[in-house]
Amino acid sequence: MAKRTKGTNIIVWGLLGLLILGLAGFGFDSFGTSMRTIGQVGGRDIDADEYSLALRNEVRAASQRFGQPITMDQAFALGLDRRVLQGLVQRAAFDNEADRIGLSAGDARVQQEVVSQPAFQGLDGSFDRAAYRAALRNAGLTEPGYERQVRDDITRGLLQRAVAGGLQAPDSYVDTLLSYLSERRSFTRLPLTRADMATPLPEPDEATLRAYYDAHPDAFTAPETRNITYAWITPDMLTSEVAVDEAAVQALYDQRADQYQLPERRLVERIIFDTEDAARAAMDRIGPDGAGFDEVVKERGLGLADVDIGDVTLADLGEAGPEIFAASAPAVLGPLPSRFGPAIYRVNGVLPAQVTPIDEVRDDLVAELSASQTRREVDQLTEKVNDLLAGGATLEDVANETKLQLGSIGFQDGMDEGVAAYPEFREAAATISEDDFPEAISLSDGGLIALRLEAIVPPQVRPFEDVTVKVIEAWATEEATKRLTARAEDIITALKNGSSFADLGLEPETVTGITRDGFVEGAAPGVIAAVFAMKEGALRIVTGDAGQIEVQRLDTVMPPDMSDPDVVTLRGDIGDALTQGIAQDAFGYFSDALQQSAGISLNSTAIQAVNALLRGTATGGAPRGGN
């Protein structure tokens with residue numbers, strides 16, 4: 001069977017997702033007969049109510065992604081309305097094409113789709129027409145209208161699969177990428193260090209060092225330095241001043257009782273029945289050893305995940321609790337009462353009570369309370385600091401009148417220690433000017449800081465006397481690199497003339513079957529990349545940091561190892577990814593062609609009216625119309 005593309009899944013199941021969200025209380029508006037549609041694609045209308053619900057759905061999804069509620073104004077600023085509208089236009093284009101070619105899903109397929117939805121099923125897992133009607137009524141839908149939309153979804157999926165299904169990435173394309181990722185190479189490497197030089201490096205005289213210093217000013221240039229005075233305070237600075245009351249520690253411990261005092265629990269599965277007789281008949285078939293429990297679950301069209309109620313306490317089980325907690329695991333019990341009717345319970349495990357004494361967590365509780373108190377004190381200081389700075393006080397004045405501590409730093413780009421460890425400080429220090437007045441800035445740990453720029457020292461070459469040690473190191477590295485490179489060139493010349501490493505008295509290392517993502521202990525950066533840029537039998541010199549020199553010879557190029565299960569799996573993954581990409585591209589091109597051939601007509605006035613209504617609803621206004 002051809003795989004569905006991501007786009008197919010979104011379109012086929014989109015309406016059902018919207019319905020489920022509607023059932024969760026998201027709401028559904030009707031815009032009245034004067035504004036039923038917001039546009040057309042060919043002969044297919046784009047429904048205003050559907051646009052409203054789809055946009056709300058998108059806003060809710062965005063809120064979940066961002067971890068905070070998104071307002072309608074923010075949604076429009078993010079372009080969520082345009083994304084929703086684009087999706088509805090695409091759907092309408094496919095619906096219009098299906099109408100044009102006479103494609104439609106059959107009644108049996110629509111029925112199968114409807115009755116299989118969990119939202120429309122009763123406690124026994126079968127289709128419940130009363131639940132079906134109630135769900136549609138709550139979502140503002142009628143049965144014929146919803147079933148027509150389901151038919152459209154299925155039909156749209158058929159059309160999409162006809163377009164994108166059956167496409168397959170060419171084997172040559174798959175194998176080319178597999179070869180790039182999993183091709184193996186064996187090579188010989190000869191690292192050269194200063195110990196391999198014919199003679200040690202001489203001690204450089206001052207004239208040599210000064211000449212090197214003058215020739216490489218960039219290597220010894222200090223970056224721009226921003227001399228900054230700051231006044232700051234962090235919660236840690238106040239910890240020693242905070243006394244945590246024992247009663248507060250006990251209160252916090254008691255508040256966390258559900259975390260530190262876990263009652264005895266049972267791991268339980270439960271099958272619910274409509275009647276006591278049905279439960280008793282099933283219990284007779286299951287038997288005292290519980291051998292038939294899984295079969296009864298399957299017969300009812302359920303999975304073990306559907307009957308698993310997790311780890312539960314005595315109170316969670318209600319009337320059935322005492323008998324279940326009296327049994328040893330594993331055990332099958334029933335029929336016993338539940339909130340939903342007679343039930344059979346399977347106990348799979350016993351979790352004993354867990355009590356963590358307060359002494360074991362006292363230090364953590366004290367630290368948490370101390371941090372909370374110090375943060376509150378810093379928060380109180382913020383208003384006072386802002387008032388002082390607004391009144392013209394200097395940072396020195398602030399330090400004298402509050403608990404803030406005065407400090408200074410020569411800040412340079414790349415610093416990340418001390419006060420520069422705070423990103424808020426680094427951002428402010430990099431942008432502050434001498435004309436800026438100090439202002440209070442909150443730090444990520446709850447601290448507070450205010451800055452003043454004293455001066456900007458431009459980049460300048462450090463005096464020779466201050467960097468003499470670095471000059472010696474840099475000169476030695478460059479000189480060693482020159483000598484080792486010359487040595488490597490002589491070795492390569494000898495190898496090309498027929499000598500072997502052994503003939504030259506050298507003991508290289510052989511690396512076998514390495515791939516592009518491989519690692520060679522002690523190798524200079526770039527060694528693996530260099531190997532995969534070579535031709536078989538080639539020789540080359542690789543230069544690394546700190547004067548590392550390496551002679552390489554590529555010995556063998558080997559194809560991917562198809563006997564390796566990981567490589568076989570990788571080939572399948574590559575083929576699946578390429579096929580999906582091709583299918584998505586085909587779907588996109590076909591969708592664009594349908595929209596162009598059918599013609600798109602959007603009613604901007606109606607769209608703006610719906611958007612205005614949604615804005616009003618989001619801010620507490622009452623939507624127009626009713627159901």
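Residues in the range 291-307 that are closer than 17 Å to GLY122 by Cα, out of contact with any Lys or Arg (no Cβ under 8 Å at 6 or more places or on another chain) and either in a loop (DSSP other than H, G, I, E, B) or free of Cβ contacts under 8 Å to residues at least 40 places away in the same chain (or both): VAL297, LYS298, GLU299, ARG300, GLY301, LEU302, GLY303, ALA305. The single residue among GLU396, GLU417 that is of a type in the set (Asp, Glu) and either more than 30 Å from THR221 (Cβ to Cβ) or more than 30 Å from the chain's Cα centre (by Cα) (or both) turns out to be GLU396.
Just to confirm my filter: which helices (runs of 4 or more DSSP H) fall fully inside the range 1-117 and include at least 2 residues that are modelled with pLDDT under 85 and among the β-branched types (Val, Ile, Thr)? Counting at least 2 such residues, we get 6-21.
Scoring VAL610 on the criteria (1) surrounded by fewer than 20 Cβ atoms within 10 Å (Cβ to Cβ); (2) assigned to a helix (DSSP H, G or I) leaves a single failure, condition (1).
Note on the range 232-259: residues that are under 12 Å from ALA367 (Cα atoms), assigned to a helix (DSSP H, G or I) and at pLDDT below 75 amount to 2. Scan THR142, THR199, THR188 and give me the residue that is outside the structural domain of VAL114 (by TED's automatic domain parsing), farther than 26 Å from ALA586 by Cα and in contact with a Leu (Cβ under 9 Å, 6 or more places away or on another chain). So the residue among THR142, THR199, THR188 that is outside the structural domain of VAL114 (by TED's automatic domain parsing), farther than 26 Å from ALA586 by Cα and in contact with a Leu (Cβ under 9 Å, 6 or more places away or on another chain) is THR188.
Of the residues making up the range 195-241, those that are crowded, with 16+ Cβ neighbours inside 10 Å, more than 51 Å from the chain's Cα centre (by Cα) and more than 14 Å from THR468 (Cα to Cα) number 0. Among the candidates SER408, SER338, the residue that is surrounded by 14 or more Cβ atoms within 10 Å (Cβ to Cβ), outside any helix (DSSP H, G or I) and out of contact with any helix residue (DSSP H, G or I) (no Cβ under 6 Å at 6 or more places or on another chain) is uniquely SER338.
Hey, does the range 252-263 have a residue that's hydrophobic (A, V, I, L, M, F, W, C), in contact with a helix residue (DSSP H, G or I) (Cβ under 7 Å, 6 or more places away or on another chain) and outside the structural domain of ALA326 (by TED's automatic domain parsing)? Scanning the range 252-263 turns up at least one residue that is hydrophobic (A, V, I, L, M, F, W, C), in contact with a helix residue (DSSP H, G or I) (Cβ under 7 Å, 6 or more places away or on another chain) and outside the structural domain of ALA326 (by TED's automatic domain parsing). Reported count of residues in the range 493-503, each being in a helix (DSSP H, G or I), within 53 Å of the chain's Cα centre (by Cα) and surrounded by fewer than 17 Cβ atoms within 10 Å (Cβ to Cβ), is 2. ARG487 falls short on exactly one of the conditions (1) farther than 30 Å from GLU383 by Cβ; (2) assigned to a loop (DSSP other than H, G, I, E, B), and that condition is (2).
Can you pull out the residues in the range 372-394 that are among the aliphatic types (A, V, I, L, M) and surrounded by fewer than 16 Cβ atoms within 10 Å (Cβ to Cβ)? Across the range 372-394, the qualifying residue is only ALA390. Could you check, for the range 216-225, whether at least one of its residues is touching a strand residue (DSSP E or B) at 6+ places or on another chain (Cβ under 7 Å) and assigned to a helix (DSSP H, G or I)? Among the residues of the range 216-225, at least one is touching a strand residue (DSSP E or B) at 6+ places or on another chain (Cβ under 7 Å) and assigned to a helix (DSSP H, G or I), which makes the answer yes.
The values are calculated or read from the model by the stated rules, or taken from the named source; none is laboratory data. Please read these numbers as outputs of a predicted model, since none were measured by experiment. Note: ideal-geometry Cβ built from the backbone for every residue, glycine included; neighbour counts use all protein chains shown.
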